[in-house]
Amino acid sequence: MNEPERTRLGQSEDMYEPSERIMPDAIANIEPINNLLTGNWKENAFAQNNTPAKQLLAFAAILGYFYLGGSAVESKAMVPLGAVTLGYAASSLLGYFGLGNAPIGKLMRVNMVSVLCAVMGVCSIASSGLDLHIAMLTVLHLFDAYTGAISS
């Protein structure tokens, strides 16, 4: 009696992912771009059905984000990049354990954040000179963006 009328009559309502309603078909059909805009390869990596290599690589990347992002904030080399990286790391850590399903948490850990941070890092290096921590953080973001684009 509490079910909607359509399901009682045998018609099931199709469920859509939010990204299916937001993403235009032209973009959604390009798998690497769709992966960058809607997912994160580290999502629920702690699950037992994942390989140990994926579990360790994801956790190492998150630890690297915490260390290098904190170092960028502390040294005042690139505070905005460090702050976004720390937010991304915290959200990714929650996602790694399958937690943090709030919309802002999911938005903060999509793979596109790594692309934007990598662009910020490259611009920082080009304008301010080479800083080792910023360079390593940029490489880590580029690796994360590449891995996110090729994962399904």
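The separation of the range 102-130 from the range 59-89, counted between C-alpha centres, amounts to 10 Å. The ellipsoid equivalent to the alpha-carbon distribution of the range 5-150 has semi-axes of 33, 17, 13 angstrom, derived from the gyration tensor eigenvalues as √(5λ) and listed largest first.
For the range 54-106, the normalised intensity computed at q = 0.17, 0.26 Å⁻¹ comes to -0.52, -0.92 (log10 of I(q)/I(0), Debye sum over alpha carbons, equal scatterers, no solvent).
Think of the range 33-151 as having a plus end and a minus end, set by charges on the Cβ of Lys, Arg, Asp and Glu; of 84, 73, 110, 110 sits farthest toward the positive end of this dipole.
Distance between the pseudo-spin-label points of residue 60 and residue 150 (7 Å out from Cα toward the beta carbon): 1.6 nm.
Just so you know, all these numbers are worked out from the coordinates, no wet-lab data involved. All values derive from a computational prediction rather than experimental measurement. Quick reminder, even Gly has a Cβ in these numbers, built from the backbone with ideal geometry, and neighbours come from all protein chains shown.
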